[in-house]
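Q: I'd like to ask some things about the structure below.
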Amino acid sequence: MPKKRRGQSPNKQLWTMPNIAWAAGFIDGEGSIGVYKSTHSFTACVQATQNDPELLNRLLEIFGGLVDYNKNRHIYRWRLNNRNFIYPMIRELYSWFSRKRQKECQNVFDWYENVKPHWNTRKIDD
């Protein structure tokens, strides 16, 4: 059984134009962006699922997050829900997304700015 990969921070050096364009296209086609209810609160999340972890591991290298395996559904999932990393990531990808994903991003931006104004928006180190 595949092991759960621990969460990691983004690698801003990998935020190159080709990687940004690729990631936006991949997430646009295979992912979702939104504000979701967790056990006791709400959290913003970007996620994507695949049968093979290779492309998800690429997202993990670039943007950080976590890749885990759902043994019941036999799929891998990459997700990013760290409030300090999701906002800059979707801001960077926004112009590459379809209108549908841009609307999802806008929902996150609105929630982030209106509901959670106390969030720390620290910069990701280069």
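The values are calculated or read from the model by the stated rules, or taken from the named source; none is laboratory data. A quick note: this is a predicted structure, and the numbers were derived from the prediction, not measured. As a convention, Cβ positions derive from the backbone with ideal geometry for all residues, glycine included, and neighbour counts pool all protein chains shown. Protein only, heavy atoms only, side chains kept; ligands, DNA and RNA dropped before computing areas. Shrake-Rupley method; radii C 1.70, N 1.55, O 1.52, S 1.80 Å.
Q: If you check residue 71 against the conditions, is it closer than 22 Å to residue 112 by Cα and more than 10 Å from the chain's Cα centre (by Cα)?
A: Details: closer than 22 Å to residue 112 by Cα: no; more than 10 Å from the chain's Cα centre (by Cα): yes.
So residue 71 fails the test.
Q: OK, next. Could you grab me the full set of residues in segment 13-29 that are crowded, with 16+ Cβ neighbours inside 10 Å and over 13 Å from the mean Cα position of the chain (by Cα)? Reasoning before the result, please.
A: Here is the first cut: in segment 13-29, the residues crowded, with 16+ Cβ neighbours inside 10 Å are 15, 19-20, 22-24, 26-28.
Within segment 13-29, 15, 19, 22 qualify.
Q: So which residues in segment 33-48 are out of contact with any Ser or Thr (no Cβ under 9 Å at 6 or more places or on another chain) and part of a strand (DSSP E or B)?
A: Within segment 33-48, the subset out of contact with any Ser or Thr (no Cβ under 9 Å at 6 or more places or on another chain) is 33-34, 38-44.
Within segment 33-48, 33, 34, 42, 43, 44 qualify.
Q: While we're on this one: I'd like the full set of residues that are open to solvent by less than 10 Å² (accessible area, probe 1.4 Å) and either in contact with a Cys (Cβ under 7 Å, 6 or more places away or on another chain) or not aromatic (Phe, Trp, Tyr) (or both), limited to segment 92-112.
A: Quick first cut of segment 92-112, residues open to solvent by less than 10 Å² (accessible area, probe 1.4 Å) only: 93, 105, 108-109.
Result: 93, 105, 108.
Q: Residues to consider are 32, 41; find the one that is more than 24 Å from residue 12 (Cα to Cα) and either open to solvent by less than 50 Å² (accessible area, probe 1.4 Å) or free of Cβ contacts under 8 Å to residues at least 40 places away in the same chain (or both).
A: Numbers: 32 fails: more than 24 Å from residue 12 (Cα to Cα).
Just one listed residue meets the conditions, 41.
A quick yes/no check of all residues on (1) at pLDDT 90 or above; (2) out of contact with any strand residue (DSSP E or B) (no Cβ under 8 Å at 6 or more places or on another chain); (3) of a type in the set (S, T, N, Q); (4) in a helix (DSSP H, G or I):
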site: 18; (1), (2), (3), (4): yes, yes, no, yes
site: 25; (1), (2), (3), (4): yes, yes, no, yes
site: 57; (1), (2), (3), (4): yes, no, yes, yes
site: 66; (1), (2), (3), (4): yes, no, no, no
site: 95; (1), (2), (3), (4): yes, yes, yes, yes
site: 106; (1), (2), (3), (4): yes, yes, yes, yes
site: 111; (1), (2), (3), (4): no, no, no, yes
site: 116; (1), (2), (3), (4): no, yes, no, no
site: 120; (1), (2), (3), (4): no, yes, yes, no
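Q: While we're looking at this one, here's another question. Are any residues in segment 45-62 closer than 15 Å to residue 97 by Cβ and either open to solvent by less than 20 Å² (accessible area, probe 1.4 Å) or touching a residue at least 60 places away in the same chain (Cβ under 8 Å) (or both), and if so, which ones? Spell out how you get there, then give the answer.
A: Applying the first criterion (closer than 15 Å to residue 97 by Cβ) to segment 45-62 yields 46-48, 59.
Across segment 45-62, the qualifying residues are 46, 48, 59.
Q: Out of segment 69-91, which residues are buried (at least 18 other Cβ atoms within 10 Å of the Cβ) and in contact (Cβ under 8 Å) with a residue 60 or more places away in the chain?
A: Step one: of segment 69-91, the residues buried (at least 18 other Cβ atoms within 10 Å of the Cβ) are 76-80, 82, 85-87, 89-90.
76, 82, 85, 89, listed by residue number.
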